[in-house]
Amino acid sequence: MIKRDYKNIVTLLKDKIFRFARAILKDEAEAEDVTQDIFEKLWLNQEWIDKYENIESFLMRSTKNLCLDKIKHKNVVINSFKELKSLHNNSIEPKNEEKDISDKIKLLIAQLPEKQRIIIHLRDIEAYEFKEISELTGIDINAVRVSLSRARKAVKQELIKTINYGL
């Protein structure tokens, strides 16, 4: 891999890798660190990267694995959820209804189990196909569909409760 190829890969994928890492970690600073680490590893190990047919898939899988390693060492999801909940509950500024619903959906997605949260992010935010999600996560394509359906259903039910009861 030459320097120009590396720059092209970084330019094309850095935002996608960052958004994916941020969706998993729920922390922008850590997501930036993961993104930088992924591209540093790519540069340092460029001699074997040509073995992979799909570099994007490899980098997304590497990002997922690195993020999951960080979660195992720190309880990032719980701390981030508490922080988001605190910010949401202590908000002083008035918000319009659309922003409230958008924030509530993000909060509900953050509460989903890890597998469902990753799948809903890849499908609904990053617009990956089911086959690609299956390859990235190592989960059977039918299980991906079921998890996505369950995740959407859970978010919908909680959102309906919130709208009906103002919780």
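The values are calculated or read from the model by the stated rules, or taken from the named source; none is laboratory data. For clarity, every value in this text was computed on a predicted model and none was experimentally measured. No Cβ is skipped: glycine too gets one built from the backbone with ideal geometry, and neighbour counts run over all protein chains shown. When the accessible area is computed, the model is the full protein with side chains, heavy atoms only, and any ligands, DNA or RNA have been set aside. Shrake-Rupley method; radii C 1.70, N 1.55, O 1.52, S 1.80 Å.
Using the empirical formula 2.2 N^0.38 Å as the baseline, the Cα radius of gyration of region 10-52 reaches a ratio of 1.22. Near S147, once Lys and Arg are set to +1 and Asp and Glu to -1 for all other residues with Cβ below 14 Å from its Cβ, the sum equals +4. Overall, the accessible surface of region 1-61 at a probe of 1.4 angstrom is composed of carbon and sulfur to the extent of 47 percent. Kirkwood hydrodynamic radius computed over region 112-166 comes to 11.6 Å, based on all pairs of distinct alpha carbons.
Across the cross-link table entries K16/K70; K41/K104; K7/K106, which are compared at the Cα atoms, the separations over 29 Å belong to K41/K104; K7/K106.
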